[in-house]
Amino acid sequence: MADELGIVQLHALRLGYSPSKVVLDHVDLSIRRGDVVAILGSSGEGKTTLLQAMLGLIAPLSGEVRLLHRSLASLNKEERSQLFARIGVVFQHNALFTDMSVAENLAMVAYQTSQLRKEVVRELVSLRLRSVGLPGFESRRPDQLSGGQRKRVAFARAIMLDPEILFCDEPTAGLDPLTAGKLSLLIQHLGSELGATMVMITHDVDLIHAIATRVVIVGGGEIHVDAPLDALRESSDPLVRGLLGQLIAPRAVS
Amino acid sequence: MTAPGAHRQRGNAREERIPFSGSLGIAQANQIYGAIAAEHAAASRLIVDLEGVTQLGRVAEAAIVAACRVRVRRGDFIHIVGAQGLVSDIELALGTPEQDFEEAPPRLLEAVGLGTLTKVASAAALLQMAASSSAAALRFAFRRVHLPRHSLRYNIALMGADAVGIVGLLAALLGMILAFEATRQLGDLGAKALVPDVVGLSLIREFAPLMCAVVVIARNGAAIASELASMRAGQEVDALRTMGIDPVEYLVLPRALSLILTTPMLTIMAMAIGLLGAILVAILFAHLDLALFYYRLVEAVDLNDLVFGLSKSLVFATTTSLSAAAVGLSSGSSASDVGRATTHAVVLGIFLLVVCDALFTFFSGVSHGR
Ligand SMILES: Nc1ncnc2c1ncn2[C@@H]1O[C@H](COP(=O)(O)OP(=O)(O)OP(=O)(O)O)[C@@H](O)[C@H]1O
Ligand SMILES: [Mg+2]
């Protein structure tokens with residue numbers, strides 16, 4: 001089965017913004033269909049850089065990124081567009097188009113990357129907005145929404161075309177605990193509904209506990225930990241304990 | 001089990017069963033819609049049979065709902081059978097009222113996206129675009145109308161029509177100044193009759209295109225750079241790329257095209273208004289005869305000069321829009337980067353303006369001096 005190979009594959013990846021300033025090195029990662037991966041790490045360790053490399057937004061200094069079994073470096077424009085129609089991304093700053101209505105933000109994904117007819121797109125827009133708890137918000141503009149509502153719209157846009165992989169960068173960061181809690185419920189719900197593979201950068205321990213199956217910790221310029229969540233509960237690694245604190249059984253501090 | 005609004009035709013209802021099977025996703029959505037919504041002569045009882053469906057994606061679900069709405073509006077009686085969860089989801093969706101929302105017609109998105117290039121490729125479409133954009137510019141000259149930011153028409157309104165006032169004012173002043181100076185200098189030499197030659201040639205070949213370009217750089221070059229830079233900061237450019245949309249096509253092309261279309265129009269206007277200003281001064285202060293002015297002007301300025309001036313403005317518009325876009329798209333991602341990109345775009349724009357102008361002068365001199 002091709003899926004055994006993993007639908008996000010990183011091979012011997014070296015990432016950085018110049019050859020002299022390497023952010024992450026020796027990155028090997030294979031994410032299988034159905035995995036829900038939480039990426040953690042201290043600020044500035046390279047989580048966003050790693051995500052951007054997976055999405056082909058920055059070119060690796062060396063190594064290869066394969067998304068849905070295609071090498072990102074070898075894609076032409078047409079193939080790129082087809083491939084990216086199969087993934088969804090929720091950006092850290094939402095990246096909604098502020099001069100379009102909420103409905104237009106959602107609809108443009110469909111119009112640009114699929115051949116779906118107008119009637120279907122309109123129905124789908126409404127369906128998605130209902131599923132993120134924002135029915136009737138079609139004509140609003142993103143700047144007329146609260147932070148939590150904007151995040152929901154960003155989710156609705158990302159899942160618009162039933163993506164096979166959903167990437168999120170800090171989906172609950174910057175929200176109050178109540179809103180964050182509601183959002184993680186939503187993510188949980190959407191995740192199970194889509195059956196999608198999820199890759200999220202997050203430090204939200206509740207969210208990780210609720211849905212993550214696998215934890216990747218970035219630190220010291222490389223992938224420090226890559227393990228199933230359950231395997232980490234007993235870990236004595238200080239970085240793991242520092243980042244996942246509440247999840248792990250308390251121990252005496254030496 | 002029934003969809004709302006379907007109560008006619010109880011007695012002799014014609015029954016129609018549309019079975020679906022297998023895994024239904026985005027690839028099947030349009031077909032599903034077509035199969036259900038297809039035009040039928042008589043209203044009937046429609047059974048959407050989902051028994052054989054193993055998996056129903058949300059896109060396919062939306063297609064079923066959208067098509068069922070069409071049938072319900074036609075007065076058909078809808079019955080959905082299949083796995084309980086699927087049926088209740090669809091019935092729930094059908095039960096919620098259809099949302100009406102303002103939506104950019106796909107044609108508009110297409111026009112600023114991939115479609116633009118192919119459209120531009122055909123000369124007929126270009127002519128049509130020029131015609132509609134001049135019409136739009138005229139309409140918008142007097143009244144600001146809200147248009148989606150990304151549309152070509154919006155950009156043309158913003159870039160062309162909104163600049164009419166300032167360009168007109170500057171052109172009139174420029175024409176007057178040129179006429180004044182020419183009268184003074186040439187009057188001393190006793191060659192006042194040459195004022196129309198000097199003013200006409202310098203306005204049309206040099207000053208009108210240059211002045212318009214400066215206005216365009218300050219207004220539109222700066223706007224393009226800051227818009228694109230703030231879209232980078234807000235990750236919207238990244239978002240486009242992860243949707244498989246080329247940011248250059250989607251964001252730069254409509255802006256560049258608008259500028260390339262509107263700048264020559266502004267330049268023609270500046271030439272005309274500048275000449276009017278010059279005529280005013282020539283008549284009132286240099287006491288030149290209007291007929292003489294006209295005669296000298298027509299003698300001195302020919303079509304080549306007009307073409308020369310307009311080619312310049314085309315080149316200026318191109319360098320301005322493309323350099324501003326390049327600066328904006330390559331900017332960093334903080335708020336101060338947006339400001340820096342704006343400044344940088346103006347400086348680069350003016351630099352390129354002067355360099356291109358020098359090249360024009362040089363090459364026209366070479367071909368002239370042959
Ligand atoms: N565009 C850039 N140019 C140069 N260096 C960059 C750029 N973006 C990030 N960096 C550097 O790369 C390193 C990793 O940054 P990255 O944004 O990936 O961190 P992060 O783990 O996502 O941090 P945070 O949790 O704060 O978001 C940092 O040291 C940062 O300064
Ligand atoms: Mg980050």
Count of lysine pairs in the protein assembly as shown with Cα separation under 24 Å (8 or more residues apart, or interchain)
5
Could you check the simple spin-label distance between A:Asp143 and A:Ser71, using points 7 Å along Cα→Cβ, in nm with one decimal?
4.5
A correct fewest-to-most ranking of A:Thr179, B:Thr96 by other Cβ atoms within 10 Å would be B:Thr96, A:Thr179
Summing Lys, Arg as +1 and Asp, Glu as -1, what charge do residues with Cβ under 14 Å from the Cβ of B:Gln185 carry, B:Gln185 excluded?
-1
Helix A:102-113 sits off the longest principal axis of the Cα atoms of chain A, rounded to the nearest 10 on a 0 to 90 degree scale, by 80
In a GNM of chain A with a 10 Å cut-off on Cα contacts, which of A:Asn76, A:Asn94, A:Asn105 has the highest mean-square fluctuation?
A:Asn76
Specify the residue with the greatest mean-square fluctuation among A:Asp162, A:Asp176, A:Asp204, computed from a Gaussian network of chain A linking alpha-carbon atoms under 10 Å apart.
A:Asp176
Summing +1 for each Lys or Arg and -1 for each Asp or Glu, what net charge is found among the other residues whose Cβ lies under 12 Å from the Cβ of A:Ala95?
+2
Degrees between helix A:177-194 axis and first principal axis of chain A (Cα, 0 to 90, nearest 10):
80
At 0.36 nm per residue, and after removing the present C-alpha to C-alpha distance, how many nm does the segment from B:Ile18 to B:Leu314 gain when stretched out fully?
100.7 nm
Helix A:118-131 axis, angle to chain A major axis (alpha carbon atoms, nearest 10°)
50
Calculated FRET value between B:His287 and B:Thr361, using beta carbons and R₀ = 45 Å, to 0.05:
0.85
On the Cα set of the stretch B:157-253, report Rg and Dmax in Å, please.
21.1, 69
Calculated from DSSP helices alone, with each H run of at least 4 adding -39500 (n - 2.57) and the total divided by the residues of the protein assembly as shown, [θ]222 nm to the nearest 500 comes to -17000 deg cm²/dmol
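Every number in this text was worked out from the coordinates using simple rules, so none of it is lab data. Everything numeric here is computed off the predicted structure, so don't read it as measured data. Quick reminder, even Gly has a Cβ in these numbers, built from the backbone with ideal geometry, and neighbours come from all protein chains shown.
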